[in-house]
Amino acid sequence: MNYDQSNQRDTLFERLSGCFLGGPKLDNLPGGRTEALRKLHTYDPSSYSRTRNYTNGAVSQLSPYLRHGMLSLIEVRDHLRSKFSNDPSHLEEFLRQLAWRDFFEKVLTWNGHALDEDLEEPKHSVSRSNRIPLDVLSGDTGLPCIDGMLSDLFDQGYLHNHARLWFAAYLCHFRGVRWQEGAGLFRQHLYDGDIASNSASWQWVEGTFASKPYFMNKDNIANFSSGKWCNSCKVKCPFDADYPKLQHRLFAGSTAPFVSKVADKAAVTNNTQPASHDIPEDIAPLPPNTDLIWVHDAAISWVDECVAQNPNAAVAFVFNKPALQAEPWAYHRLAFVADGIDDLFKNLPNSTKLTLVGDPVERLTTLAHKLGATTIHISEHPNPWVIETAEQLRMKFRVIIHPRLVLAEYPLEPKRFSRYWEKVAIQVLGHRPNPPKRKFK
C-alpha cells in the first residue's frame, strides 16, 4: 500500500479491525514530529519546578512524542538549554525529570523481558489478583477522584504523573490487583504508554522496584489536585486517614482492604472492536531497491539517523496486528501513530513509502523480496520486540542497527534513580546540580 494520506486512513483502520478500543474522537491529540516541535518551541519550563506536582501544573506534555521517537531526549534538553541559557537553574528540575525516561530505558536495556515481572521481592505479603474489577474498567467505582482519573485515561489518553501514581496505588494496594494488569491498562490507553517508563513506574508503586510501596492519602490528593474532586466529594473516602493508619490497613493483612469478592473479567474484554476477515494486502510492484528501512513505533522521525542516512531506501512502517489483537490499543493511540507516519512520509525524500499491517517479520520479508532488497536498516531501541524482530530478520537479510544517542552514559546496573542521578547529572545539566535547599525548623 503506497503512501496516500487522502484515502489511506479508512482502509488502515479496516485492516486494524479487532485491534483497537472505541472509535474516532474530535479532540484526538495530533501526532507527528511537526506538532512535537511546535509544542517544544512554545514550552516555557520556568514554573515547572514549582508546579510540577500539581495536576494543573506547567508540565510539557511532550511524553507521547518522546515515546514514539518524534522527539529525542537530547534535542529537548539541548533546545531548552539553548533557549534559557541565561537562567539554567529554572531548567534543573525539568531536566532531572526528563532523565527519568533515560533511566527507565536503561532499566529496560538491562532487564529486557524481565521488566514484565517483579524486579525485586515485594516489600509486603499482601496477595494480588490478576483481574481488574469491572467497576474500574467501566470507570464507575463511585469515588469521584478515581472515576475522574479513569475518565481522563479513557477519553483523553492522558494522566498527570501524580494522578498515575494515585491510580496505581489505588489499583494495587486498595483493590489488590497485580501491577502488571494496571500497566497493561495504561499501555492500551495512554498516548505515551510504553514498556520502560510504564512498567518501571508501576513496579515503583508496588514496591518491586523501590525500597517501599508508594501510597497516598486524601490530603495528598486534595492538595495536589487543588480540591478538584475532594471539595465536592460526598462519599466515604477510603484514603481519609494518616499514613501510619493507612500503612497498617493496606499491608498488615493478607488481602487488600477493597479486594473484589467475585472474579471479574480481565481488561482485554473491554470495548474491543469486532474482528473482521483480514483484507488481503497485496504489495503492488515497486521500483527495485537494495535497501529497506523499517520504521518502528519508537523512531517516527525524519531526523532519526536510520532514516536520515538513507534517503534513497524504501521505507516501511508495520502495524503489529498480532500484538494489537492480543492487547488492543485505544483508537486515539493508533490515530496518534498514524498521524506520525503521515507527517513522517510527507517530510521524507524517499520515493517508496509504505504503511503495512500484519506480522512485522512476515510483512517486511515479503516487502524486501518484492523490492529485491538485501539490507534492512533499523533504529536501535531497547524494546525486546524491536530486538527480537531484528534478530529474526537477520536470519534472511543483512540487518544494520543504527545506534541512537543517549541522554547520559551510565554503565552500571540501573537500580535506583538517586544513584544514577549522582553519576549523570553533570552530563544532563551541563553543570553540577545545585545542592538541595536546607529545611530550617
### Task
Determine the pairs where a residue that is more than 19 Å from Val361 (Cα to Cα), located within segment 290-314, has a partner that is surrounded by fewer than 16 Cβ atoms within 10 Å (Cβ to Cβ) with Cβ atoms under 7 Å apart, the partner being 6 or more residues away or on another chain.
Trp302/Ala308; Trp302/Asn347; Pro311/Pro349
#### Entry: Search result, residues across segment 294-331 that are surrounded by fewer than 24 Cβ atoms within 10 Å (Cβ to Cβ) and among the hydroxyl-bearing types (Ser, Thr, Tyr)
Tyr331
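What do you reckon, is Asn28 under 20 Å from the mean Cα position of the chain (by Cα) and under 30 Å from Ser138 (Cβ atoms)? Show your work before the answer.
Working: under 20 Å from the mean Cα position of the chain (by Cα): yes; under 30 Å from Ser138 (Cβ atoms): yes.
Against the criterion (under 20 Å from the mean Cα position of the chain (by Cα) and under 30 Å from Ser138 (Cβ atoms)), Asn28 qualifies.
Going through Val318, Val307, Val337, Val303 one at a time, which residue ends up being modelled with pLDDT of 95 or more, within 23 Å of Tyr191 (Cβ to Cβ) and in contact with a His (Cβ under 7 Å, 6 or more places away or on another chain)?
Details: Val318 fails: in contact with a His (Cβ under 7 Å, 6 or more places away or on another chain); Val307 fails: in contact with a His (Cβ under 7 Å, 6 or more places away or on another chain); Val303 fails: in contact with a His (Cβ under 7 Å, 6 or more places away or on another chain).
Answer to the selection: Val337.
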### Query
Leu348: part of a loop (DSSP other than H, G, I, E, B), touching a strand residue (DSSP E or B) at 6+ places or on another chain (Cβ under 8 Å) and modelled with pLDDT of 95 or more, yes or no?
yes
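Would you mind finding the one in Ser60, Ser17, Ser46, Ser82 that is assigned to a helix (DSSP H, G or I) and either surrounded by 17 or more Cβ atoms within 10 Å (Cβ to Cβ) or without any contact (Cβ under 8 Å) to a residue 24 or more places away in the chain (or both)? Working first, answer last.
Details: Ser60 fails: assigned to a helix (DSSP H, G or I); Ser17 fails: assigned to a helix (DSSP H, G or I); Ser46 fails: either surrounded by 17 or more Cβ atoms within 10 Å (Cβ to Cβ) or without any contact (Cβ under 8 Å) to a residue 24 or more places away in the chain (or both).
The match here is Ser82.
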### Query
Do the conditions hold for Thr255, that is, is it polar (S, T, N, Q), modelled with pLDDT under 95 and either surrounded by fewer than 17 Cβ atoms within 10 Å (Cβ to Cβ) or in a loop (DSSP other than H, G, I, E, B) (or both)?
yes
### Query
Across segment 351-376, what is the number of residues that are closer than 17 Å to Thr389 by Cβ, in a helix (DSSP H, G or I) and among the charged types (D, E, K, R)?
2
### Query
Restricting to segment 398-420, what's the tally of residues that are buried (at least 17 other Cβ atoms within 10 Å of the Cβ) and either touching a Pro at 6+ places or on another chain (Cβ under 6 Å) or within 18 Å of Ala313 (Cβ to Cβ) (or both)?
4
### Message
Of the conditions (1) in a helix (DSSP H, G or I); (2) under 20 Å from Asp147 (Cβ atoms); (3) without any contact (Cβ under 8 Å) to a residue 12 or more places away in the chain, Gly227 satisfies every one except a single condition; which number is it?
### Response
(1)
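Might you let me know whether segment 196-217 holds any residue that is modelled with pLDDT of 95 or more, loosely packed, with under 14 Cβ neighbours inside 10 Å and outside any helix (DSSP H, G or I)? Give the derivation first.
Narrowing segment 196-217 to residues modelled with pLDDT of 95 or more: 196-217.
Next, only the ones that are loosely packed, with under 14 Cβ neighbours inside 10 Å stay: 211-212.
When the remaining residues are screened for being outside any helix (DSSP H, G or I), the result is 211-212.
Yes - at least one qualifying residue is present in segment 196-217.
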### Output for segment 116-138, where each listed residue is of a type in the set (S, T, N, Q), assigned to a loop (DSSP other than H, G, I, E, B) and touching a helix residue (DSSP H, G or I) at 6+ places or on another chain (Cβ under 9 Å)
Ser125, Asn130, Ser138
## Note on the structure
Exactly one of Glu117, Glu121, Glu93 is over 16 Å from Trp202 (Cα atoms) and of a type in the set (Asp, Glu), and that one is Glu93
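The values are calculated or read from the model by the stated rules, or taken from the named source; none is laboratory data. These numbers were taken from a predicted model, which means no experiment stands behind them. Neighbour counts run over all protein chains shown; Cβ positions are idealised from the backbone, glycine included.
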